[in-house]
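Asks: This is the structure I have questions about; it appears just below.
FYI, it's all coordinate maths here, none of it is from the lab. As the structure is a prediction and not an experimental result, all values here were calculated from the model. Because the Cβ atoms are built from the backbone with ideal geometry, glycine has one as well, and the counts that use them run over all protein chains shown.
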Amino acid sequence: MSCLFCSIAQHNIPSEIVYEDDATSAFLDIQPRSLGHTVVVSKTHAETIIDLPAASLAPLFLTLQHVTGMLSRALHPAGFTIGINQGLVSGQTVPHLHVHIIPRFTGDGGGSIHSVVNQPPNEAIAMTAARIRKYS
Ligand code: 5GP
Ligand code: ZN
């Protein structure tokens, strides 16, 4: 199966890898939204966080933590926005789970994660919580 981020993680497509280990890879986004915009992936192919085997989750998040620290020390941003686009509706364009680390700088004009959508439900949140808990 051909997958862009598997190919990058396997060094078959060039990219600016800033960190990698046996299980994960972190490389600079080709269209950075800010200085140091980095994408972190598992070397295990999975389209979404729901599909990723549990054993691959901890390495992914350990690398996410490590690379965020690297970016902090290297570039001195004022903060970060860290997130996953999952599904076409959210803007996922590469069907291999990836976590964006977007360094944030004072006065960068960006918003918070809350700015990606603002469609408050009519349903009471207690009702929503009850519906979700049935699937724990
Ligand atoms: P998504 O929209 O799926 O959450 O994010 C995919 C990201 O991958 C985009 O920010 C896009 O700029 C980046 N991207 C797409 N193709 C390439 C590529 O070939 N190399 C690198 N380094 N990044 C890519
Ligand atoms: Zn893949």
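Asks: Using the Cα centre of the chain as the reference point, and only Cβ charges (+1 on K/R, -1 on D/E), how large is the resulting charge dipole? Debye, rounded to the nearest 20.
Replies: The calculated dipole for the chain is roughly 400 debye.
Asks: In addition: Sort 43-52, 85-94 for me by packing, meaning the mean count of neighbouring Cβ atoms within 10 Å per residue, highest on top.
Replies: Peptide ranking by packing, descending: 43-52, 85-94.
Asks: Here's a follow-up. Going toward the positive end of the dipole of the chain, with +1 on Lys and Arg Cβ and -1 on Asp and Glu Cβ, which of Gly83, Ser136, Asn12 do you reach last?
Replies: Result: Ser136.
Asks: Would you tally the net charge around Gly36, using a Cβ to Cβ cut-off of less than 14 Å, leaving Gly36 out, and scoring K and R as +1, D and E as -1?
Replies: It works out to a net charge of 0.
Asks: Radius of gyration and Dmax for the chain's Cα atoms, expressed in Å?
Replies: When restricted to Cα atoms, the chain yields Rg and Dmax of 16.6, 49 Å.
Asks: How much net charge surrounds Pro95 when only other residues with a Cβ under 13 Å from its Cβ are counted (Lys, Arg +1; Asp, Glu -1)?
Replies: Combined, the nearby Lys, Arg, Asp and Glu give -2.
Asks: Based on alpha-carbon positions alone, could you give the equivalent ellipsoid semi-axes of segment 19-83 from the gyration tensor, as √(5λ), descending, whole Å?
Replies: Value: 22, 12, 10 Å, ordered largest first.
Asks: Do any chymotrypsin sites (Phe, Trp or Tyr not before Pro) in segment 76-136 lie in a loop, going by DSSP, with at most 11 other beta-carbon atoms within 10 Å of their beta carbon, and if so which?
Replies: Answer in residue order: Tyr135.
Asks: Residue by residue through segment 20-26, which ³J(HN,Hα) values in whole Hz follow from phi under the Karplus form 6.51 cos²θ - 1.76 cosθ + 1.60 (θ = phi - 60°), with glycine and proline marked x?
Replies: 7, 9, 4, 9, 9, 9, 10
Asks: Could you pull out the trypsin sites (Lys or Arg not before Pro) across segment 82-136 that fall in loop regions by DSSP (anything but H, G, I, E, B) with no more than 13 other Cβ atoms inside 10 Å?
Replies: Those satisfying the criteria are Lys134.
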